[in-house]
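Note sheet for the following structure.
Every number in this text was worked out from the coordinates using simple rules, so none of it is lab data. A quick note: this is a predicted structure, and the numbers were derived from the prediction, not measured. Using ideal geometry, Cβ is built from the backbone for each residue, glycine included, and neighbour counts are taken over all protein chains shown.
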Amino acid sequence: MKIVIVGSKGMMGRELIRTFDSMHDVAVIDTEEISLESRDACHRTIGTEAPDWVVNAAGCIDADECEKNPDYSLAVNVERAGNIASAAHDAGARLVHYSSDYVFDGAKNAPYTEDDQCCPMTVYGDHAVKAEKYIRTLTDRCLIIRMGWLFGAGEGDYVRIVCDRASRVGMMSVLDGPQGSLSYAVDAAVATRLLMDGNHTGIFHVSNRGRCTRYSMTREILKIMGRDDVDVVPVPATEMPRAATQPPHATLSTRKLTDRTGRTLQFWQIAMRHHMARLRDEPLREELRKT
Ligand SMILES: NC(=O)c1ccc[n+]([C@@H]2O[C@H](COP(=O)([O-])OP(=O)(O)OC[C@H]3O[C@@H](n4cnc5c(N)ncnc54)[C@H](OP(=O)(O)O)[C@@H]3O)[C@@H](O)[C@H]2O)c1
């Protein structure tokens, strides 16, 4: 099977490559390589690859940036996503598109299912909804995977940020804000593969079990590091305003994923241990590669 991955250098893109590389013919398209603004360029590049699947893991995930610059957000997260969807359709390929829990406002007092009405409260969330709707007008062979806050190997990884800070400071002030779902990129990539293998289409929620706040996540990271001595000060959201308000209590129900694939993702705390063990081993693996 031929799979094209767009946005291969991001947290999700890297894990998708690891997940598919040994089993399938994988081609990666970096956003630097082609102009994703150009529908023609997308069609040409994806058409030349003649893939069975296009997995789009590219996008601007900075909700604050999207709030401040909605035109940019629209161009990157809706129009470019549409160009990729249209190119996949024309190439006869199926599409995977990633979306977010920001499509909800968090007012429901229970985990959101795929059937719940979208009600975004930010530009990032609004554009996530628009992208979902738009790509579905362009191709009916698409799988839309909504995730919670993602952690995994990559530049924006909050786990790595906390680890780095813990080695420098003895105290951290952390948002004790809304509860949400977490998605571990490794588990999300495996879930993506399962859904693709089953030729599923439509919307699926993919997140690890359990829910957390940024505060509880930080505490867990420090516990795993053996750095309980670092003082973590919880700061209410009102004292840490952001351009884009994170939806309160927007947790995702993954029952549909379990019903269709028979799989439930592990608790986020276990996934976190796995991720941090990999982070620790990474320098060692680099050294071994050099010898
Ligand atoms: N991170 C989260 O918390 C989260 C939560 C829910 C859903 N998602 C969704 O999951 C997908 C992957 O997220 P991620 O966390 O892996 O993202 P990431 O680490 O920020 O990587 C995003 C990728 O998108 C490309 N990209 C970044 N800015 C771009 C721009 N302005 N124009 C076009 N492409 C751009 C980059 O491609 P190059 O490497 O080629 O430059 C990068 O590899 C995204 O669709 C995101 O919306 C993420």
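Looking at the chain, what % of its DSSP beta bridges pair antiparallel, to the nearest 5? Here the antiparallel bridges make up roughly 5 percent for the chain. Considering only Pro51, Ser207, Ala277, the residue lying farthest towards the positive end of the dipole of the chain is Ala277, judged by Cα position with unit charges set on Cβ.
Once the chain from Ala110 to Arg263 is taken as fully extended at 0.36 nm per residue, the excess over their C-alpha distance is 53.0 nm.
Each peptide among 207-217, 19-29, 120-130 gets the average number of other Cβ atoms lying within 10 Å of its residues, and from highest to lowest they stand as 120-130, 207-217, 19-29. Per the Kirkwood formula applied to alpha carbons, the chain shows a radius of gyration over Rh ratio, Rg over Rh, of 0.96.
Sorting 265-275, 84-94 by average packing, meaning the other beta carbons within 10 Å per residue, from highest down gives 84-94, 265-275.
Contact order for the chain, expressed relative to its length and based on alpha carbon pairs under 8 Å spaced 6+ residues apart, stands at 20 percent.
Centre-to-centre separation between the Cα atoms of the range 216-265 and those of the range 12-44: 29 Å.
Estimated translational diffusion coefficient (Stokes-Einstein, Kirkwood radius over Cα pairs, 25 °C, 0.890 mPa s) of the range 153-241: 164 µm² per second. Test of understanding: extend the Cα→C-beta vector of Ser173 to 7 Å, then name every residue of the range 197-221 with backbone N under 20 Å from that spot. Residues passing the 20 Å test: 213-219. Do you know the relative contact order of the range 10-134, to the nearest whole percent, from alpha carbon pairs under 8 angstrom that are 6+ apart? It rounds to 27 percent for the range 10-134.
Note on Ile161 and Asp90: their simple-model spin labels are 3.8 nm apart, each label 7 Å out from Cα toward Cβ. Using the empirical formula 2.2 N^0.38 Å as the baseline, the Cα radius of gyration of the range 1-113 reaches a ratio of 1.13.
So if R0 is 25 Å, what FRET efficiency would Asp64 and Val233 give, r being the distance between their Cβ atoms, rounded to the nearest 0.05? FRET efficiency, Asp64 to Val233: 0.70. Summing charges over all other residues whose Cβ lies under 11 Å from the Cβ of Arg146, with Lys and Arg as +1 and Asp and Glu as -1, gives -3. Computed over the range 28-92, the alpha-carbon pair-distance distribution with 5 angstrom bins reads 3, 19, 29, 23, 13, 8, 5, 1, each value a whole percent. For the pairs Lys108/Lys256; Lys108/Lys130; Lys9/Lys223, flag any whose C-alpha to C-alpha distance is greater than 27 Å. Going by Cα-Cα distance, Lys9/Lys223 fall outside the 27 Å limit. Within the range 1-98, the GluC sites (Glu not before Pro) that combine a DSSP coil assignment with at most 10 other C-beta atoms in a 10 angstrom radius are Glu32.
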